[in-house]
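These notes concern the structure reproduced below.
The values are calculated or read from the model by the stated rules, or taken from the named source; none is laboratory data. All values derive from a computational prediction rather than experimental measurement. Because the Cβ atoms are built from the backbone with ideal geometry, glycine has one as well, and the counts that use them run over all protein chains shown.
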Amino acid sequence: MKITSIPSTSHEDIRRVEDTALGLIGFIAIHSTKLGPAAGGLRMKPYASEQEALTDVMRLSEGMTYKNAAAGLPLGGGKAVILGDPKALKTPELLHAFARAIEACEGRYWTAEDMGMTPADMAELARETRFVAGLADGEFASGDPSPITARGIFNAIRCVAKHRFGDPDLTGKTVSVQGLGNVGWNLCELLGDAGAKLIVTDISEDRVDAAVVELGAKAVALDAIYGVQADIFAPCAIGGILNADTIAQLNVTAVAGGANNQLARAEDAALLHDKGILYAPDFVANGGGIINVATEILEIANRKTWVDDKVAALDATMDAILREAARKGVSPADVAQDVVARAITERAA
């Protein structure tokens, strides 16, 4: 296995990992350890190129710095990616090799489950590195973070409903959900139980069909999700989907979802604001999962109470961001960046 450092002016450490015998190519990016060891999930997907994967891991790791700071966690931001289709390329041997690369970071980076990974995969990683969370078994095991992630997003949707409609009650409100993975599905269940109407899309026709049958959702084609009429749009798939083209199509009053890095460019927050669409900053809305994972990294004994308190605090942070943004007449994205920057400066001092 070969590990190569990649120079960067924006990140503390970026490493390229390769094992030609296993077909392994991946990256580990540590954006910041100012507040503590960098923490962020490992994802595996068939990137079109190494450059695309590198760009993704850099954006995701930076987003984790903001997410962990917004959640009030003593953790920095990091992320890891492996190139390839997990259904075709992922093997225990490949995971073991990548785990050894994580171990070589000597605790500066902790990994956990993300796209293309499962709790069982985390157990494989744990055979070769101590620095893995999201395990199904063990004294401080936190398991699948998806339900807690979904709960935080659900709270964010209720929060934007309160600010946009004057009431957090979602009864009769229509929410369009992009992505029915573990997080998206859990979110749809919460929304359905709250009385919301669902419009969904996903790359998996089976998941869409199941949502129609089990959740009473209306299904639309992948690209059609942007133009549907709804009250709130919840992106829960890939990042970078809010851009000049898609924002022009939106027929909603608010955006609050679980995908990381939803804005293709920072300037796209202004496009949403100018269109009168209230945006819940993604790194605040989707912080529930890392809160759950943090209990394992920090060895929190009373996990449920600790998680409940942190998720409630995250909800209060979102509410404060939306109130300040309304008072100043600016995008919540701008306010959220300021809140996180202050948090990092104050807590790192």
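Of all positions in region 54-77, at least one carries a residue that is surrounded by 21 or more Cβ atoms within 10 Å (Cβ to Cβ), over 17 Å from G181 (Cβ atoms) and among the charged types (D, E, K, R).
Residue-level check: of (1) in contact with a Lys or Arg (Cβ under 7 Å, 6 or more places away or on another chain); (2) under 30 Å from V335 (Cα atoms); (3) surrounded by fewer than 21 Cβ atoms within 10 Å (Cβ to Cβ), V81 misses just (3). Scan region 198-240 for residues that are farther than 25 Å from K162 by Cβ, out of contact with any Ser or Thr (no Cβ under 9 Å at 6 or more places or on another chain), among the aliphatic types (A, V, I, L, M) and buried (at least 22 other Cβ atoms within 10 Å of the Cβ) and jot them down. Matches in region 198-240: A211 only. Search region 127-146 for residues that are over 12 Å from W110 (Cβ atoms) and pair each with any residue that is of a type in the set (F, W, Y) when their beta-carbon atoms are under 9 Å apart and the residues are at least 6 apart or on different chains. Qualifying pairs under 9 Å: E128/F98; S146/W185. Residue pairs whose Cβ atoms lie under 8 Å apart, sitting 6 or more positions apart in sequence or on different chains, and linking a residue in region 158-173 that is among the hydroxyl-bearing types (S, T, Y) to a partner that is assigned to a loop (DSSP other than H, G, I, E, B), are T171/A194; T171/G195; T171/A196.
In region 89-122, how many residues are of a type in the set (G, A, S) and at pLDDT below 95? Quick ask: steps written out before the conclusion?
Start the filter on region 89-122 by keeping residues that are of a type in the set (G, A, S), which leaves 97, 99, 101, 104, 107, 112, 116, 120.
Subset that is at pLDDT below 95: 112, 116, 120.
Looking only at that region, the number is 3.
So for region 278-293 (the condition being surrounded by fewer than 18 Cβ atoms within 10 Å (Cβ to Cβ) and without any contact (Cβ under 8 Å) to a residue 60 or more places away in the chain), does at least one residue qualify? No, region 278-293 contains no residue that is surrounded by fewer than 18 Cβ atoms within 10 Å (Cβ to Cβ) and without any contact (Cβ under 8 Å) to a residue 60 or more places away in the chain. Taking the numbered list (1) surrounded by 18 or more Cβ atoms within 10 Å (Cβ to Cβ); (2) at pLDDT 95 or above in turn, L135 passes all entries but (2).
Which residue is surrounded by the most Cβ atoms within 10 Å (Cβ to Cβ), if the candidates are limited to region 100-111 and must be within 21 Å of N292 (Cα to Cα) and in contact with a strand residue (DSSP E or B) (Cβ under 7 Å, 6 or more places away or on another chain)? The selected residue is Y109. Selection of region 139-179 for residues being modelled with pLDDT of 95 or more, of a type in the set (G, A, S) and more than 22 Å from V220 (Cβ to Cβ) yields G152, A156, G166.
Conditions tested, residue by residue: (1) part of a loop (DSSP other than H, G, I, E, B); (2) touching a helix residue (DSSP H, G or I) at 6+ places or on another chain (Cβ under 6 Å); (3) under 21 Å from D282 (Cα atoms).
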| site | (1), (2), (3) |
| --- | --- |
| E18 | no, no, no |
| S61 | no, no, yes |
| T65 | no, no, yes |
| G77 | no, yes, yes |
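For region 232-248, the count of residues that are without any contact (Cβ under 8 Å) to a residue 60 or more places away in the chain, more than 21 Å from the chain's Cα centre (by Cα) and assigned to a loop (DSSP other than H, G, I, E, B) is zero. All of A248, A259 fail the test of being of a type in the set (G, A, S), over 17 Å from Q337 (Cα atoms), outside the structural domain of V57 (by TED's automatic domain parsing) and surrounded by 22 or more Cβ atoms within 10 Å (Cβ to Cβ), apart from A259. When you check V213 against the structure, is it within 23 Å of K173 (Cβ to Cβ) and either part of a loop (DSSP other than H, G, I, E, B) or among the β-branched types (V, I, T) (or both), yes or no? Criteria met by V213.
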